1. How far is the Cα center of the range 143-184 from the Cα center of the range 24-99, in Å?
2. For a quick check, take a GNM of the chain with Cα springs below 10 Å and name the residue from 75, 52, 171 with the largest mean-square fluctuation.
3. What is the angle, in °, between the Cα long axis of helix 84-94 and the longest principal axis of the Cα atoms in the chain? Nearest 10 is fine, range 0 to 90.
4. What are the semi-axes of the equivalent ellipsoid for the range 1-154, taken as the square roots of 5 times the Cα gyration tensor eigenvalues, largest first, in whole Å?
5. Per the Kirkwood treatment, what hydrodynamic radius in Å, one decimal, follows for the range 69-185 from the mean inverse distance over all distinct Cα pairs?
6. What does the extension gain come out to for residue 31 and residue 89, with contour length at 0.36 nm per residue minus their alpha carbon separation?
7. So for 25, 77, 177, fewest C-beta neighbours within 10 Å to most, what's the order?
8. Name the residue, out of 39, 48, 121, whose mean-square fluctuation peaks in a Gaussian network model built on the chain with Cα pairs under 10 Å.
């Protein structure tokens, strides 16, 4: 029995090391489109479940952990930007405002699945166009939901403050996952 992380995210890989120093990465590569009639929380749960199920058959005796993270503002899901222009549009939309980050994760083991969703509130500073342009030029926002990484905040002061889990905003709520693994007697 070992841990399998069903994610290609380098940020999730780093955070997974806080749970176990030994784990395997098996990327799901599932279609992440969802039924538009689903609420944002239902959508993130659906994608997380799909990611874990896609790798589960290859790891029947292991603990598979999958996750998906979304950014929500005005009831709308803000995904990863399509390009630099879209990243700038998203950052302008979030500038000076509060939004929500939801991560849904699944723990699969021996035919059972446990799922949880964690939410955090994120408050953005008012962003200058120069800050947005400089940040997008780094290419860092291009592979992140909401077009930002809170871990970039020291160099690019985008986030004013967070209410809730910081690791959730990064995309993998470590504290909650550890707590659930302990409850399930898998850690």
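Only the coordinates and a few stated rules stand behind these numbers; no lab work does. For clarity, every value in this text was computed on a predicted model and none was experimentally measured. Virtual Cβ from ideal backbone geometry, glycine too; neighbours counted across all protein chains shown.
1. Taking the Cα centre of each part, the range 143-184 and the range 24-99 sit 14 Å apart.
2. Top of the fluctuation ranking is 75.
3. With rounding to tens, the tilt is 90 degrees.
4. On the way: eigenvalues 181, 58, 33 Å².
Semi-axes, largest first: 30, 17, 13 Å.
5. 14.9
6. Values: separation 58, 0.36 × 58 = 20.88 nm, distance 2.45 nm.
Between residue 31 and residue 89, full extension yields an extra 18.4 nm.
7. Details: 25 15, 77 18, 177 24.
The order, fewest Cβ neighbours first, is 25, 77, 177.
8. 39
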